[in-house]
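*Asks:* Provided herewith is a single structure, encoded as structure tokens, for subsequent inquiry.
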């Protein structure tokens, strides 16, 4: 079993298509197919169910995928460790973040990192905090900026950066707008604009409502902050958000504190227990900037 075979298998699993995977890898489709077939022969079982339109992982393929990703990530980390000993950071640094966490100007820090370490290819992706932590655990990401939503999985540690309260974001003419604070009971009676499941604010809010025996009426789901602000601005619902949202459109929206201590917004960096050289450098850089 060769490392390139694992990389080929992962590409096909990601694309669910041999032609697209071959294009992404810049190899021939016949060569890619032969590589995957050889891997399946060595393992003694099919890894994909093939059709004319796409390929789907078999049960064995699903089990193999996570370990293949870990192996490829470990090999990349090993190469990076050798480069670090030579005094040169190289390889790829994969970073994830949820939108509008506050605390860190990630764009500025990444620009500074790339200037100092031009040999590192920096990749950035956006997802919900729950998915990001899982990606770090699976070896698919080297570092993620997240909202803490529970215990970190095995192999991942979190470094907390900040803590703040939650608030309600509402239209200036909403009945909450002039209040000094609102309770979960009062919020539960209102239609809400919320982020997708897996985003930190959504996970924490639903957990707090459930613990209080209350429904969470998210009637409009969004996957970006600007759309959430627009919908709240049109009076289509209130939003449970971190308190730093008070700085967003302060002339047209209102933020009202949520009473009680059921909700807390903790921003952290999630990294593997043993991060690679480039990940350690960026982690230290961000901690110095906070």
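Computed from the coordinates by the stated procedures, all read-outs in this text should not be read as laboratory data. All values derive from a computational prediction rather than experimental measurement. Cβ placement follows ideal geometry from the backbone for every residue including glycine, while neighbour counts extend to all protein chains displayed.
*Asks:* Give the Rg (one decimal place) followed by the Dmax (whole number) of the chain, computed from C-alpha coordinates and expressed in Å.
*Replies:* Cα radius of gyration and Dmax of the chain are 22.4, 69 Å respectively.
*Asks:* What FRET efficiency comes out for the pair residue 177/residue 42, r = Cβ-Cβ distance, R0 = 51 Å, nearest 0.05?
*Replies:* In this case the efficiency is close to 0.20.
*Asks:* Right, something else. May I ask what percent, to the nearest 5, of DSSP beta bridges between residues of segment 128-249 are antiparallel?
*Replies:* 45 percent
*Asks:* While we're here: Going by alpha carbons, how many degrees (0 to 90, nearest 10) lie between the helix axis of 106-116 and the longest principal axis of the chain?
*Replies:* Between helix and principal axis, roughly 40 degrees.
*Asks:* Taking N as the number of residues in segment 31-177, what value does Rg over Cα atoms divided by 2.2 N^0.38 Å take?
*Replies:* Working it through for segment 31-177, the quotient is 1.41.
*Asks:* Show that you can apply the helix-only estimate: for the chain, add -39,500 (n - 2.57) for every DSSP H stretch of four or more residues, divide by all residues, and state [θ] at 222 nm to the nearest 500.
*Replies:* -13000 deg cm²/dmol
*Asks:* For an R0 of 35 angstrom, estimate the FRET efficiency from the Cβ-Cβ distance between residue 50 and residue 224 and round to the nearest 0.05.
*Replies:* Efficiency for this residue pair is about 0.45.
*Asks:* I'd like the antiparallel share, as a percent to the nearest 5, of DSSP beta bridges with both residues in the chain.
*Replies:* For the chain, the DSSP antiparallel bridge percentage is about 60.
*Asks:* Let me ask something additional. Starting from the Cα-Cα distance between residue 19 and residue 123, subtract it from 0.36 nm times their residue separation and give me the gain in nm to one decimal.
*Replies:* Extra length available between residue 19 and residue 123 comes to 35.1 nm.
*Asks:* Additional query: Can you give me the relative contact order of the chain as a percent, contacts being Cα pairs under 8 Å and 6 or more apart?
*Replies:* This gives 21 percent for the chain.
*Asks:* Relative contact order (percent) for segment 1-75, with alpha-carbon contacts under 8 angstrom and 6 or more residues of separation?
*Replies:* The value is 33 percent.
*Asks:* Could you work out the Rg to Rh ratio of segment 180-226, with Rh taken as the Kirkwood radius (inverse of the mean 1/r over all Cα pairs)?
*Replies:* Rounded to two decimals, Rg over Rh is 0.96.
*Asks:* Take peptides 132-141, 195-204 and line them up by average Cβ neighbours within 10 Å, highest first, as a rough protection proxy.
*Replies:* 132-141, 195-204
*Asks:* Starting from the eigenvalues of the Cα gyration tensor, five times each then square-rooted, give me the equivalent ellipsoid semi-axes of segment 216-273, largest first, whole Å.
*Replies:* After diagonalising the Cα gyration tensor, the semi-axes are 23, 15, 13 Å.
*Asks:* Once you've got the GNM for the chain with C-alpha springs shorter than 10 Å, pick whichever of 153, 275, 257 has the biggest mean-square fluctuation.
*Replies:* In the Gaussian network model the winner is 153.
*Asks:* Report the rotationally averaged projected area of segment 1-75 based on its alpha-carbon convex hull, in square nanometres.
*Replies:* Mean orientational projected area (segment 1-75, Cα hull): 4.5 nm².
*Asks:* Something else now. What distance in nm lies between label points placed 7 Å from Cα along the C-beta direction at residue 284 and residue 151?
*Replies:* 3.2 nm
*Asks:* Quick check on packing: order 167-180, 26-39 by the mean number of other C-beta atoms within 10 Å, highest mean leading.
*Replies:* 167-180, 26-39
*Asks:* Computed over the Cα atoms, what is the radius of gyration of segment 164-290 divided by 2.2 N^0.38 Å, N being its residue count?
*Replies:* Here the answer is 1.19, to two decimals.
*Asks:* Using only Cα atoms and rounding to the nearest 10 degrees, what angle (0 to 90) does helix 277-289 make with the longest principal axis of the chain?
*Replies:* Orientation of helix 277-289: about 20 degrees from the principal axis.
*Asks:* Based on the Cβ-Cβ distance from residue 60 to residue 207, what FRET efficiency comes out when R0 is 41 Å, to the nearest 0.05?
*Replies:* In this case the efficiency is close to 0.70.
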